[in-house]
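*Asks:* Quick one: the structure is below, and I'll ask about it shortly.
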Amino acid sequence: MYSLSSGSCSGCTGATYSLAGASSCSDCLPGCDSCTVGNSCTSCSAGWYKNPAGSCNQCLANTYSASAGATSACTACPVTKYSDAGATSCLNCIQGCDSCSDGSTCNTCSAGYYKDGNICTPCTAGTYSAAGSITCSTCSADTWSVAGSASCSSKSLILKIFPPNIHFTDCIDGCANCNNANTCNSCKADYYLDGTTCTSCGVGYHSPVSSTSQASCSSN
């Protein structure tokens, strides 16, 4: 371009160009780091790629281009990540999410979580889930799980943490499923739920699993 102040021509810098006889430089097309006369792009910015026509296409959402100068389509993000349009890298999905559409919308959840609208919520203690679940399942009698579990333990156990060590403790006597050492959810056979504990029906009396009152006990 020609400069009136210096009376000579100067080269355009950065993402600009000029035609013959120009007194100023013009911006290259969007996404272009450098361009020639006619505004044909020679190198595209990161987050863009050069198409056959010589202009730059922005990477679509959930794709990315990590460096400038890409000449092929953008790379797809892994299923556990996402990106906005024009991204140079991918971001992690929200916690508990195995695949997502964006930073706030989960498509499928990890094991130990369930889909709660657009997010993933951990299963509560005493429940579990497989990957892709929309609900959590209750642990069977004589099994237990901590929050966010993909399965239940093979024994009636609860997790009690005494940093830095982790210890397991049996549920209270007669309890088939418990929240903690003092709170039972359901009782074994020959016991009935009495508040938050299990009470024995007594010698010679029997009751089915998960009985909730003394009336369930019988001598049959």
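The values are calculated or read from the model by the stated rules, or taken from the named source; none is laboratory data. These figures come from a predicted structure and were not determined experimentally. Counting neighbours? That spans all protein chains shown, and the Cβs are built from the backbone with ideal geometry, glycine included.
*Asks:* What single numbered condition from (1) at pLDDT 90 or above; (2) under 30 Å from Ala46 (Cα atoms) fails to hold for Cys136?
*Replies:* (2)
*Asks:* Would you list the strands (runs of 3 or more DSSP E) that sit entirely within segment 7-100 and hold 1 or more residues that are polar (S, T, N, Q) and over 27 Å from Asn118 (Cα atoms)?
*Replies:* 32-35, 41-44, 56-58
*Asks:* Restricting attention to segment 199-220, and to residues there that are free of Cβ contacts under 8 Å to residues at least 24 places away in the same chain and not in a loop (DSSP other than H, G, I, E, B), which single residue is nearest to Lys188 (Cα to Cα)?
*Replies:* Ranking the candidates gives His206 first.
*Asks:* Any residue that is in contact (Cβ under 8 Å) with a residue 40 or more places away in the chain, over 30 Å from Lys50 (Cβ atoms) and surrounded by 16 or more Cβ atoms within 10 Å (Cβ to Cβ) - is there at least one of those in segment 122-136?
*Replies:* For segment 122-136, residues in contact (Cβ under 8 Å) with a residue 40 or more places away in the chain, over 30 Å from Lys50 (Cβ atoms) and surrounded by 16 or more Cβ atoms within 10 Å (Cβ to Cβ): present.
*Asks:* If you don't mind, another one. If the requirement is being among the polar types (S, T, N, Q), touching a helix residue (DSSP H, G or I) at 6+ places or on another chain (Cβ under 7 Å) and surrounded by 18 or more Cβ atoms within 10 Å (Cβ to Cβ), which of these qualifies: Ser211, Ser186, Ser207?
*Replies:* Ser207
*Asks:* Here's a follow-up. Somewhere in segment 107-117, is a residue surrounded by fewer than 17 Cβ atoms within 10 Å (Cβ to Cβ) and either within 30 Å of Leu29 (Cα to Cα) or of a type in the set (A, V, I, L, M, F, W, C) (or both)?
*Replies:* no
*Asks:* Return the residues of segment 128-150 that are within 21 Å of Lys188 (Cβ to Cβ) and of a type in the set (S, T, N, Q); say none if nothing qualifies.
*Replies:* Result: Ser137, Thr138, Ser140, Thr143, Ser145.
*Asks:* Does any residue of segment 59-70 turn out to be among the β-branched types (Val, Ile, Thr), in contact (Cβ under 8 Å) with a residue 12 or more places away in the chain, buried (at least 17 other Cβ atoms within 10 Å of the Cβ) and in contact with a strand residue (DSSP E or B) (Cβ under 8 Å, 6 or more places away or on another chain)?
*Replies:* Taking every residue of segment 59-70 in turn, at least one turns out to be among the β-branched types (Val, Ile, Thr), in contact (Cβ under 8 Å) with a residue 12 or more places away in the chain, buried (at least 17 other Cβ atoms within 10 Å of the Cβ) and in contact with a strand residue (DSSP E or B) (Cβ under 8 Å, 6 or more places away or on another chain).
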